[in-house]
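Trainee: Below is the structure I would like to discuss, written out as structure tokens.
The values are calculated or read from the model by the stated rules, or taken from the named source; none is laboratory data. Given the structure is predicted, the values throughout are model-derived calculations rather than measurements. So basically every Cβ, Gly included, is an ideal-geometry build from the backbone, and we count neighbours across all protein chains shown.
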Amino acid sequence: MFVLEDLVMVLMANGGIRTPSPAAAVAASRRFAAPLIQGMRAEPAIPPLPPAGRLPLTLVI
């Protein structure tokens, strides 16, 4: 069951994405959101994920 707190958690996690450029942030955000949205679907259709962006590892340390 999907509750409002789930959406809040997803938005907070997505807001934590840090990248060196706006274009990289958009790509990372789309890649992050795609499996989350797929996991909340009521039907089993699974479209392909957006392409993965290259993010420097120093952003997570």
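Trainee: Here is a check on your reading of the model: is residue 49 closer than 22 Å to residue 6 by Cα, at pLDDT below 75, surrounded by 10 or more Cβ atoms within 10 Å (Cβ to Cβ) and in contact with a Pro (Cβ under 9 Å, 6 or more places away or on another chain)?
Mentor: yes
Trainee: How many residues are of a type outside the set (Ser, Thr, Tyr), part of a helix (DSSP H, G or I) and touching a helix residue (DSSP H, G or I) at 6+ places or on another chain (Cβ under 7 Å) if we restrict to segment 1-37?
Mentor: Of the residues in that region, 5 qualify.
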